[in-house]
């Protein structure tokens, strides 16, 4: 979201000069309240950093003017994404790309079993499953809404009013009719 927001902001900025802070390979240190110091970790996302961490690591000192070649590359990418007008934008192989609304459905389906599970558990597992790069690409409410769509399409069964009520509703893979109804030989 931050990257797409940056591209949109840059597009609206026009030709006005600006400085940017690139956190791509930046490690930040956290001052421990108790215990030994922790080793520095990758910043990942500005939105995930506490303001004190930004201040303590003086990240504003990394600001540098955005060069025209880099600016043009960002603007070309944003123009392409806008022209594709897809419902989602996701990171794929270190690039921001357009994606269909169903992009996360396979991940969600892989987290569902034959047994009833709270929607919150399924959504939580789907959120952390692709975190090998510690990259969060979506939110819990979006995934819960996709669970509702999977229920509507018959891909899942739900017990409860809505998947948006993640901690009261449960889902499972559809059961064969004879499992949920009377046996076929009765």
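None of the figures in this text is laboratory data; all of them are computed from the coordinates on show. Note that the structure is predicted; figures quoted are calculated from it, not measured. Ideal geometry is used to build each Cβ from the backbone, glycine not excepted, and the neighbour counts take in all protein chains shown.
Expressed as a rounded percentage, what relative contact order does the stretch 101-176 have, with Cα pairs under 8 Å and six or more residues apart?
Working: 99 pairs, mean separation 29.6, N = 76.
The normalised contact order for the stretch 101-176 reaches 39 percent.
The fewest-to-most ranking of 21, 147 by surrounding Cβ atoms within 10 Å reads 21, 147. Under the shape rule built on the C-alpha gyration tensor, where the axes satisfy a ≥ b ≥ c, the chain is oblate, since a/c reaches at least 1.5 while a/b does not exceed b/c.
With contacts taken as Cα pairs under 8 Å at a separation of at least 6 residues, the chain carries a relative contact order of 16 percent.
For the stretch 101-176, what does the alpha-carbon gyration tensor say about shape, rounded, prolate or oblate, given a ≥ b ≥ c as the root eigenvalues, a/c under 1.5 as rounded, and a/b over b/c as prolate?
Details: a/c = 1.69, a/b = 1.60, b/c = 1.06.
Note, shape of the stretch 101-176 comes out prolate.
Would you mind checking the tilt of helix 119-128 against the longest principal axis of the Cα atoms of the chain, expressed as 0 to 90 degrees and rounded to 10? Taking the Cα atoms of the chain, the angle to 119-128 is about 40 degrees. Residues of the stretch 52-81 falling in the label zone of residue 16, defined by backbone nitrogen less than 18 Å from a point 7 Å along Cα to beta-carbon, are 64-68, 71-72, 75.
Counting each DSSP H run of 4 or more residues in the chain as -39500 (n - 2.57), what helix-only mean residue ellipticity at 222 nm follows after dividing by all residues, to the nearest 500 deg cm²/dmol?
Values: 7 runs with 68 residues, N = 186.
So the helix-based figure for the chain works out to -10500 deg cm²/dmol.
For the chain, the longest principal axis of the C-alpha atoms and the axis of helix 68-84 are separated by about 20°. Relative to the longest principal axis of the Cα atoms of the chain, helix 2-13 runs at roughly 50 degrees.
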